[in-house]
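Worksheet: the structure to be examined is printed underneath.
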Amino acid sequence: MAKKKIKFKLKDFETIERDVVKNDEIVSEPIDDKTQKRILEQVNEEYEACFSYNEAKRKKNLQRLKLYNNQRRDTSAVGDPLMFTVFNTVHAELYDDRLLAKWQGKEPGDDEVESNLNALSKHDYKVMMKSKIDYQWNWDAEFFGRGLLLMMDFERKEGIMAPVPEVIDAATFIRDSRATSVNGDNLRGKGAMRYGGRELGATYYELKALPGYFNIGKLRKDKEINSTIDDARQARRDAQDLENYTGKEESLSKYNNYEFRILDWFTTFKGEKYLVTLGNSRGILVRMVKIEDTRWPIIDRALYPMANDWDGVSIPDITEDKQRGRAVLLNIGMKSAKDDVSPNYLFDQTRIKNKNDLNTRVKKFIPVDGNTSGAMEPVQKATAHQFVGAIMEMLDTSAQKATAATDLKQGSASNGAATLGEQELATIAGNKRFNMSAKVYGWSEADFWRQWYWLYKKHFKNEIDEKIARIQGALAPSWRTLTRDSIIARIDPDVEIESFNVAETTRINKLRGFTSFIGLALQDPEANKRFLEKQLAKLNGMTPEEIDLAFPPTVDEMQAEEENDLLNSEKIAPIGIRDNHVVHIGIHSRANQNKYSITHIRAHKKLMIIKRNKADLFPPEEKQPIKTQPEGKVDNVSREVEVQSAS
């Protein structure tokens with residue numbers, strides 16, 4: 001149970017000031033005593049409601065940590081690793097499948113911003129240590145059903161200059177009972193979290209080094225009676241069979257390394273979203289940050305989400321009962337096997353006179369009166385070990401079917417007698433289920449990169465900030481200097497998330513079909529051989545830089561790219577009589593769709609028809625360029641192009 005409701009009086013408070021940024025300047029803003037009182041009362045009411053609602057599920061999740069790695073079990077017993085095996089099979093499969101972010105501009109002229117964002121997101125992947133973040137984020141989603149990532153800070157240090165993602169410990173987070181996800185399940189935020197938060201620990205100097213904190217000198221050395229962070233730490237130490245160390249920290253100095261318990265709480269106050277931080281068992285305000293967005297800066301990731309439900313289905317939900325059953329059967333089977341090695345016996349007292357003769361040793365002879373048959377035999381009792389193997393296999397198979405973590409996925413051969421074709425079909429079916437989970441992870445990955453972009457939009461200052469991103473080319477890395485104008489578009493761009501494994505499967509399938517097609521296509525003398533060769537290189541996994549090195553741009557391609565710059569600026573671009581019109585039309589299709597580019601492409605097509613019908617108008621020595629103007633500038637330009645001959 002949570003603590004009793006705290007009552008506050010105005011005399012408990014005095015006006016405090018917090019530093020906020022207004023018009024790019026740090027200014028002090030007062031928070032009067034009445035506002036503090038209202039905030040503390042509201043947060044405590046919300047916390048009490050959340051705590052009681054979340055407690056049962058939270059305790060159950062902490063107990064399951066012992067099943068995942070139970071080092072405190074009876075030393076004479078044997079544990080079963082079913083949960084660990086299945087969990088890590090799913091975890092490895094989804095962690096290995098990196099989700100790729102691709103940016104796409106929303107309006108003409110966003111090509112440069114799109115290219116820069118793709119380069120910057122790849123660069124920041126390492127800066128933000130995203131690979132480590134993904135491991136922890138995925139782990140929480142798979143173990144607790146939903147993983148949470150906080151992303152609201154921006155680190156401005158030289159060499160970093162990037163958003164700071166932080167995985168929230170899902171074992172300490174509590175939220176309101178109505179929420180089905182953090183920010184809702186549709187455009188209007190249906191089922192969004194009204195309030196929620198987590199307890200955390202920090203020392204005096206850790207808080208002092210962070211921006212936005214105040215009142216930290218008033219923090220007391222006291223611990224929350226029902227501390228969620230202490231419960232989580234102790235549950236993990238219990239699983240490791242380690243002692244409770246929390247109470248021993250009370251001897252540490254308050255102003256050195258003593259760890260205060262504080263509460264980060266997300267709530268709506270006077271119609272606006274805030275992150276408020278409370279200390280002294282939720283009795284004092286130490287931070288108040290306005291969230292300048294319509295969404296919470298928390299991104300949630302679910303493994304097997306259920307409609308209209310926060311928790312969904314986790315891997316322990318599926319494997320807990322089966323692991324307990326397997327452990328019981330395993331220990332019963334071992335005991336039964338031990339009993340068979342040293343059984344109890346019945347013996348005939350009339351035929352074996354001396355009981356000391358029953359003490360066994362090597363080469364011992366026991367005298368018996370009469371026939372030795374039936375003089376001594378083991379006690380008949382029920383045995384279980386011959387059934388244990390079959391039952392344990394059934395439980396294992398049940399868990400595998402539920403999670404698609406088959407023997408093949410676990411790195412071992414299948415126990416069944418299925419043919420190679422049947423095993424391949426089973427593998428394909430399992431991959432589809434993992435691909436579905438990867439697509440579900442893609443929802444949160446898209447939210448991650450949209451929040452990443454929003455933080456750059458908020459914190460990256462025009463004419464002040466710049467960032468140098470390293471881009472690994474085909475032969476050597478290159479460096480690109482980025483400013484606000486080069487990464488922030490007028491309309492926020494779209495981000496598309498693609499699973500690497502799904503993309504590879506799609507590429508291989510396309511390659512198989514294209515390989516058989518290209519042989520037929522190259523027999524046509526009018527086929528675009530260069531395009532076919534580049535497409536084959538792309539489907540073989542070559543990067544655009546590698547393809548350009550293998551097939552350097554032709555004069556026509558370079559000329560068409562320069563003409564695109566003119567067309568995008570709504571200027572007239574010349575057409576040469578010797579132009580390869582097929583190549584030009586392909587390059588110009590990437591230009592902005594305006595009347596200049598449309599007219600220019602039509603002119604190329606018209607020239608191809610004229611050249612076929614009136615070849616004598618195109619003598620070999622002709623080198624004069626032809627200019628076209630857009631519709632409305634020159635009469636009938638879009639319908640007919642005048643060709644000037646050399647004479």
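What the table shows:
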| item | result |
| --- | --- |
| Rounded Å value of the spacing that divides the Cα centres of the range 205-264 and the range 171-187 | 26 |
| Cut-off 9 Å between beta-carbons: net charge of the residues surrounding LEU275, Lys and Arg +1, Asp and Glu -1 | +2 |
| Radius 10 Å from Cβ of ASP492, net charge of other residues (Lys, Arg +1; Asp, Glu -1) | +3 |
| Environment charge at LEU150 (Cβ cut-off 11 Å; Lys +1, Arg +1, Asp -1, Glu -1) | -4 |
| Farthest positive-ward along the range 553-627 dipole, Cα basis, beta-carbon charges - from ILE585, VAL555, ILE598 | ILE598 |
| Packing-based ranking, highest mean first, of 80-89, 206-215 given that Cβ atoms within 10 Å are counted | 80-89, 206-215 |
| Check: the range 47-94 dipole with +1 on Lys, Arg Cβ and -1 on Asp, Glu Cβ, in debye | 140 |
| Set of aspartates and glutamates with alpha-carbon distance to LYS34 below 15 Å, sequence-local pairs under 8 removed | ASP12, GLU14, GLU17 |
| Residue order, fewest to most surrounding Cβ atoms within 10 angstrom, among TYR345, TYR135 | TYR345, TYR135 |
| Pairwise FRET efficiency - ALA56 versus MET334, Cβ, R0 = 45 Å, nearest 0.05 | 0.85 |
| Proxy reagent accessibility, fewest Cβ within 10 Å first, across HIS584, HIS604, HIS459 | HIS459, HIS604, HIS584 |
| Relative contact order (%) - the range 258-303, alpha-carbon pairs under 8 angstrom, separation at least six | 29 |
| Fewest-first sequence of SER336, SER569, SER597, SER76 by Cβ atoms within 10 Å of each Cβ | SER76, SER569, SER336, SER597 |
| Proportion of all alpha-carbon pairs of the range 92-162 beyond 19 Å (%) | 51 |
| Entries in LYS66/LYS248; LYS223/LYS439; LYS126/LYS439; LYS132/LYS439 that, when Cα-Cα distance is taken, lie over 31 Å | LYS223/LYS439 |
| Distant alpha-carbon pairs in the range 553-627 (separation over 17 angstrom), percent | 40 |
| Estimated FRET transfer efficiency (LYS102, SER76; beta-carbon r; R0 51 Å; 0.05) | 0.35 |
| Qualifying aspartates and glutamates (Cα of each under 12 Å from Cα of LYS353; at least 8 residues distant if same chain) | ASP369 |
| Prolate/oblate/rounded call for the range 237-295, Cα gyration tensor, a/c under 1.5 rounded | prolate |
| The range 136-228 shape via C-alpha gyration tensor axes, a/c threshold 1.5 | oblate |
| Ordering of 542-549, 42-49 by burial proxy (mean other Cβ atoms within 10 Å per residue, highest first) | 42-49, 542-549 |
| Mean Cβ neighbour count within 10 Å, used as a protection proxy, ranking 530-538, 117-125 highest first | 117-125, 530-538 |
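Quick note: the coordinates plus some simple rules give every number you see, no bench work behind them. Predicted, not measured: the structure shown is a model, and the values here were computed from it. Please note: Cβ atoms are built from the backbone with ideal geometry, for glycine as well, and neighbour counts cover all protein chains shown.
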